[in-house]
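Report on one structure; see the data block that follows.
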Amino acid sequence: MADFSTYSDEQLLQLFNDAVVGQEAFSTLFEKYQKQIFHYLLKHVKSPEIAEEILSDIFLKLWQGRELTSTITNIAAFLHKVAYYRSIDFLRTTARHKRLQSAYNDYFLLSNNVKNPENWMIAEEEKTLLLKAILQLPARQKEIYLLSREEGLTHEKIAEILHLSSSTVNNHLVAALKNISKYLAKYQNGSLNLLAVIFINL
């Protein structure tokens with residue numbers, strides 16, 4: 001096994017595509033930066049488990065795209081930049097889901113008798129099912145549905161943001177609602193509570 005401890009980052013990157021020592025060079029770079037990037041991620045996402053998951057994914061993508069690593073001039077800056085953007089993506093997704101969860105919590109608390117344990121359990125099941133229905137939507141439908149329902153944006157504003165026509169936005173939203181309805185129908189037989197949430201402000 002070769003000793004790469006004295007190699008520069010640039011030299012290690014150049015060896016990534018070497019069939020003989022590529023993995024060893026990569027492992028050396030990983031060992032050098034993993035703790036640094038982990039703590040950087042942890043500072044942003046506040047969860048060791050999430051930080052570890054993002055860290056693993058960053059280095060996995062780096063290895064999978066090793067044919068392009070020769071264009072990287074500063075691997076430390078590159079890794080920190082990728083870690084920063086991945087942290088932002090995670091926080092945005094978390095915030096989005098928290099706002100969505102909060103909105104549905106408010107709805108179900110108001111529309112169900114929470115003093116009745118049986119009604120509360122039903123409401124929780126409906127809420128979970130609705131969230132699952134939304135998450136299984138195709139990417140564009142989900143994006144437009146969340147902008148409409150979560151952010152409260154008009155079709156025109158969504159069209160402006162996504163560079164689409166208003167009619168295209170409407171078509172995607174209608175398709176999203178149909179897909180959600182089909183998903184829910186398999187489990188809830190058209191629950192009125194869920195349909196009220198889906199079609200509100202259509």
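See the values below:
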item: Residue check for GLN64: surrounded by fewer than 11 Cβ atoms within 10 Å (Cβ to Cβ), assigned by TED's automatic domain parsing to the domain that holds TYR85 and closer than 25 Å to LEU91 by Cβ; result: yes
item: Single residue of LYS132, LYS178 found to be of a type in the set (Lys, Arg), at pLDDT 80 or above, farther than 24 Å from THR94 by Cα and part of a helix (DSSP H, G or I); result: LYS178
item: Which listed residue, of LYS127, LYS115, LYS142, LYS157, is out of contact with any strand residue (DSSP E or B) (no Cβ under 7 Å at 6 or more places or on another chain), in a helix (DSSP H, G or I) and modelled with pLDDT under 85; result: LYS127
item: In the stretch 28-61, the residues that are surrounded by 14 or more Cβ atoms within 10 Å (Cβ to Cβ) and of a type in the set (Gly, Ala, Ser); result: SER47, ALA51
item: Residue within the stretch 18-30 that is closer than 23 Å to ARG86 by Cα and among the aromatic types (Phe, Trp, Tyr) present; result: yes
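So that you can scan it fast, the table gives a plain yes or no per residue for (1) aromatic (Phe, Trp, Tyr); (2) in contact (Cβ under 8 Å) with a residue 60 or more places away in the chain; (3) over 18 Å from GLY65 (Cα atoms); (4) surrounded by 17 or more Cβ atoms within 10 Å (Cβ to Cβ):
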residue: PHE4; (1), (2), (3), (4): yes, no, yes, yes
residue: SER8; (1), (2), (3), (4): no, no, yes, no
residue: GLN14; (1), (2), (3), (4): no, no, no, no
residue: ASP18; (1), (2), (3), (4): no, no, no, no
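The values are calculated or read from the model by the stated rules, or taken from the named source; none is laboratory data. None of these values were measured; they are calculated from a predicted model. With ideal geometry, Cβ positions are generated from the backbone for all residues, glycine too; neighbour counts draw on all protein chains shown.
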